[in-house]
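The values are calculated or read from the model by the stated rules, or taken from the named source; none is laboratory data. Please read all numbers here as calculations on a predicted model, not as lab measurements. Note that each Cβ is placed from the backbone with ideal geometry, even for glycine, and that neighbours are counted across all protein chains shown.
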Amino acid sequence: MQYGYFDLEHKEYVITRPDTPAPWANYLGSPEYGAIVSNNGGGYSFVKSGANGRIIRYRFNSNIGLPGRYIYIRDNDAKDYWSCTWQPVGKPLDQYKTECHHGTAYTTIKSDYADIHSELTYYVPLNKTYEVWRTKITNNSDRYRNLSTFGFVEFTNENNYEQDQVNLQYTLFITRTSFEGNKIVQHINENSGKDENGSNWRERFFGVVGAPVSAYNGNLDSFIGSYRTYGNPVAVERGFCDNKLNYNSNACGALQSDIILAPGETKEIIYVVGQKNPKVADEILAAYNEPGKVDAEVKELIAYWHGQLNNFQIETPSDEFNNMVNVWNAYQCFITFIWSRAASFIYCGLRNGYGYRDTVQDIQGIIHINPELAAEKIRFMISAQVDNGGGLPLVKFDHKAGHETCPDENDENSIYAKETGHPCYRADDALWLFPTVNKYIGESGNKAFLDEVIVYANGGEDTVYEHLKRAINFSMERLGAHTMPAGLYADWNDCLRLGKKGESTFVAFQLYYAMSIIKGYALDRGDNEYAAYIDKVQPELGKSLEACWDEDRFIRGYRENGEIVGAKKDPEASMWLNPQSWSVISGFASDKQAETAMEKVHEILNTPFGVKIMEPPYVDHYFDGALMHIFNPDTKENGGIFSQTQGWAILAESLLGHGDRAFEYFLESSPANMNDKAEVRILEPYVHGQFTESTRSPYAGRSHVHWLTGTGSTVMVGCVEGICGMRPNAEGLVISPSIPHTWDGFKIEKNFRGKHLSIDIQNPDHVQSGVKSMTVNGEAVEGNFVCECKMTEQTNIVVVLG
Ligand code: IFM
């Protein structure tokens, strides 16, 4: 079933049926003022922290997406009412017509009922810390209409989300609302002292511009009424708010405006929500009296976001590929880059920091679009590397570089563990810096980045180059009996705890890859001593990895007792995806191993919805460190189709030149490809989730944990670097596409180091990969490398595959 379509021109996903299988969300604003909105207006907002700055209430773990930012309309003659979003009133869909346009940082919902058209746009103005809901209401009938509008928001009683939800004997008694002219003001903890910096005193507001306030409510129960819900608030049903405010009860903001609309007349009403004192709120509201302000702000948002996305655009024969690479996968990468795992309809906001590996991986998803924005975050993440070379498992949002506590390897109850809930180092964290830094240097050409001096999390400082060396040391100082890196508390897989003595093949491949990258840097800088060190240790590591080859696959690692994890003969978990894809990505696997291992992946792990993380799942033969056995078989890390790993499968197949297979993996796991199977996938068809249930599940194909997932970046890299073949290095751009043989070719428009590249890739022989010839601005060039020195302001590149 299909509920909407991609509008590539406007970079929107348009939802044409509001009864989507789940609330389908969009992100507005930034973590400074964050807002999540569903296609039916459901969602919540927060200031700085989803956990500690929650200002709009939301009920998690329900598939109806309540409450939200609602505007009710009442026809006072007909005594009928509805909402500008289909929910919460939920009028019959044969009478209520609606379309939701989720765009880049704004959402517009257009609805028609009883000859009244409404167009509601939600957004957070660029660099501002409040939100705007603008509705334009048009009378499409031929008679005057006597209407009332009711803007409604349910405030939390406490900024701390958990306190608001569970500590009711306290939070109900610290809040009150007042009505001040055109706004409801909510006061929280004002008795704790009216010192904006030193107390818990907070003020929020909900104001309206464009229509006079006829009546109001600041008391939730007075607006909704007893034994009622958001779908039939008593105030709306009877036609008036009773001006009651809350005191020792739940707060809300509800503003009623009575309006008469002539036939054909449109009225614009603007609601604004924020956490500001009344004086600032008045200034903000007053600014919206200026005609055209909302349109100008939305235009500015669109210009900003489209400007970002337009740095890399493709035109291929596949709409699914174009929609994802040009708009939605790219936008999702920005959202994960900005928001990490902070807040969604699944993440309640309690994770108050950046996961080291997650964020360093997320950065990769935007490097091809905005390398300098990426560099800022790389610097930040390097400042969260401990001087022993490891990464802090969780980097607090208020990270104090140089002054942080760290995990204590001999004490799982260290101060850091108590502060963050993360007792130990993970094996992979700092190793993600290598591909990320390398991609940044490739995209920007900024080799001097390696000389920048950055502090360690716990004090001291070094150049980026030295930081990277310490990351290598961290692994080298923690080798196990098979001279492979210890798996520690987790490697990339949070459910695989191999411990201090167990060893991880995945991390060994990462380390092998890291060694190749740093050796390149060492040679370039004339650090021959370090290059010689790598020349010694990398082949040794290679030997250990060679011993991990088990006939037609690489094993997953060793347990602390020396037993193999992922041996071919094992009754469960005998085949794992990541060691196979990473054997290729790392450059370690021989041609034969690479071909064999990836073929086995296809044979054993592939499903119609993507490639499983491993097979068979753990049920009866798990060991203590195989934490995933607690999940149902074919779910999450226990044999589910873990979305993040699809990107590595796409990349590995592309590196092997297998364009058909790479694209097959792209399509199987692509949200866009499930657009007409929304009832199976459930999740938004425009964003990746964390995982998809695999074939043993009665709900095979259903995806979970929307938006905030490392999948954004790995799939983006798989598509851009892999399928599109954009592989920049410090000197220029290697072009090496791996595409379906059926494609006649495709085009890329790419901004690169201040120049614009128009790349026309032609495939007359219908091959999957291999560059036969290339011209740069009409001049024939050997091979498939375009030196930066050949690039002009507008560079036209023609690549012929064959
Ligand atoms: O790699 C992890 C990630 O850090 C959090 N989500 C699950 C992934 C796989 O375990």
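For this structure, a couple of remarks:
- Identity of the residue in the stretch 620-662, within 12 Å of the ligand (Cβ to nearest atom) and polar (S, T, N, Q), that ends up surrounded by the fewest Cβ atoms within 10 Å (Cβ to Cβ): 644
- Taking strands (runs of 3 or more DSSP E) as the structural unit, those lying wholly within the stretch 763-802 and holding at least 3 residues that are farther than 17 Å from residue 738 by Cβ correspond to 771-776, 779-781, 794-801.
- Of all residues in the stretch 701-737, those being among the aliphatic types (A, V, I, L, M) and within 23 Å of the chain's Cα centre (by Cα) number 8.
- When the stretch 285-336 is filtered for residues that are in a helix (DSSP H, G or I) and over 30 Å from residue 724 (Cα atoms), the ones remaining, listed by number, are 285, 286, 287, 293, 294, 295, 296, 297, 298, 299, 300.
- Single residue of the stretch 688-722 satisfying the filter (surrounded by fewer than 24 Cβ atoms within 10 Å (Cβ to Cβ), touching an Asp or Glu at 6+ places or on another chain (Cβ under 7 Å) and of a type in the set (S, T, N, Q)) that is nearest to residue 324 (Cα to Cα): 695
- Filtering the stretch 417-431 to residues that are buried (at least 24 other Cβ atoms within 10 Å of the Cβ), hydrophobic (A, V, I, L, M, F, W, C) and in a helix (DSSP H, G or I) leaves 430, 431.
- Hits in the stretch 1-17 - residues which are in a loop (DSSP other than H, G, I, E, B) and either over 20 Å from the mean Cα position of the chain (by Cα) or surrounded by fewer than 19 Cβ atoms within 10 Å (Cβ to Cβ) (or both): 1, 2, 3, 8, 9, 10, 16, 17
- Of residues in the stretch 356-395 being among the charged types (D, E, K, R) and closer than 12 Å to residue 340 by Cβ, the one farthest from the ligand (Cβ to nearest atom): 377
- Restricted to the stretch 89-140, the set of strands (runs of 3 or more DSSP E) holding at least 1 residues that are among the aromatic types (Phe, Trp, Tyr) and surrounded by fewer than 23 Cβ atoms within 10 Å (Cβ to Cβ) comprises 106-113.
- Candidate set: the stretch 18-65, residues that are within 17 Å of residue 687 (Cα to Cα) and among the aromatic types (Phe, Trp, Tyr); chosen: the one surrounded by the most Cβ atoms within 10 Å (Cβ to Cβ): 24
- Qualifying residue in the stretch 214-231 (condition: of a type in the set (Asp, Glu) and surrounded by fewer than 14 Cβ atoms within 10 Å (Cβ to Cβ)): no
- Residue 518 being without any contact (Cβ under 8 Å) to a residue 40 or more places away in the chain, more than 16 Å from the ligand (Cβ to nearest atom) and either touching a Pro at 6+ places or on another chain (Cβ under 8 Å) or of a type in the set (A, V, I, L, M) (or both): no
- Residue satisfying all of: in the stretch 446-495; within 16 Å of the ligand (Cβ to nearest atom) and either surrounded by fewer than 18 Cβ atoms within 10 Å (Cβ to Cβ) or assigned to a loop (DSSP other than H, G, I, E, B) (or both); farthest from the chain's Cα centre (by Cα) among these: 489
- Hey, residue 308 more than 16 Å from the ligand (Cβ to nearest atom), closer than 18 Å to residue 444 by Cα and at pLDDT 95 or above or not: yes
- Checked against the criteria, residue 482 counts as over 17 Å from residue 357 (Cα atoms), of a type outside the set (Phe, Trp, Tyr) and either touching an Asp or Glu at 6+ places or on another chain (Cβ under 6 Å) or touching a residue at least 12 places away in the same chain (Cβ under 8 Å) (or both).
- For the stretch 677-687, taking the residues that are assigned to a loop (DSSP other than H, G, I, E, B) and farther than 20 Å from residue 322 by Cβ, the one that is farthest from the ligand (Cβ to nearest atom) is identified as 682.
- Condition check for residue 38: in contact (Cβ under 8 Å) with a residue 24 or more places away in the chain, of a type outside the set (Val, Ile, Thr) and under 26 Å from residue 255 (Cα atoms): yes
- Summed over the stretch 337-355, residues that are within 16 Å of the ligand (Cβ to nearest atom) and assigned to a helix (DSSP H, G or I) total 2.
- Residue list for the stretch 364-376, filter: out of contact with any Cys (no Cβ under 9 Å at 6 or more places or on another chain) and either outside any loop (DSSP other than H, G, I, E, B) or crowded, with 21+ Cβ neighbours inside 10 Å (or both): 367, 368, 371, 372, 373, 374, 375, 376
- Test for residue 260: is it exposed (fewer than 15 other Cβ atoms within 10 Å of the Cβ), among the hydrophobic types (A, V, I, L, M, F, W, C), touching a Phe, Trp or Tyr at 6+ places or on another chain (Cβ under 7 Å) and under 19 Å from residue 84 (Cα atoms): yes
- Scanning the stretch 561-597 for residues that are in a loop (DSSP other than H, G, I, E, B) and either in contact with a strand residue (DSSP E or B) (Cβ under 6 Å, 6 or more places away or on another chain) or of a type in the set (D, E, K, R) (or both) gives 563, 566, 568, 569, 570, 572, 573.
- Subset tally (residues that are under 16 Å from residue 537 (Cβ atoms) and within 13 Å of the ligand (Cβ to nearest atom)) for the stretch 496-515: 2
- Residues of the stretch 598-619 that turn out to be more than 16 Å from the ligand (Cβ to nearest atom) and outside any helix (DSSP H, G or I), as a count: 7
- If you go through the stretch 432-445 and pick out every residue that is in contact with a Leu (Cβ under 8 Å, 6 or more places away or on another chain) and in a loop (DSSP other than H, G, I, E, B), you end up with 0.
- Count of residues meeting criterion [in a loop (DSSP other than H, G, I, E, B), at negative phi, touching a helix residue (DSSP H, G or I) at 6+ places or on another chain (Cβ under 8 Å) and within 16 Å of the ligand (Cβ to nearest atom)] in the stretch 688-710: 4
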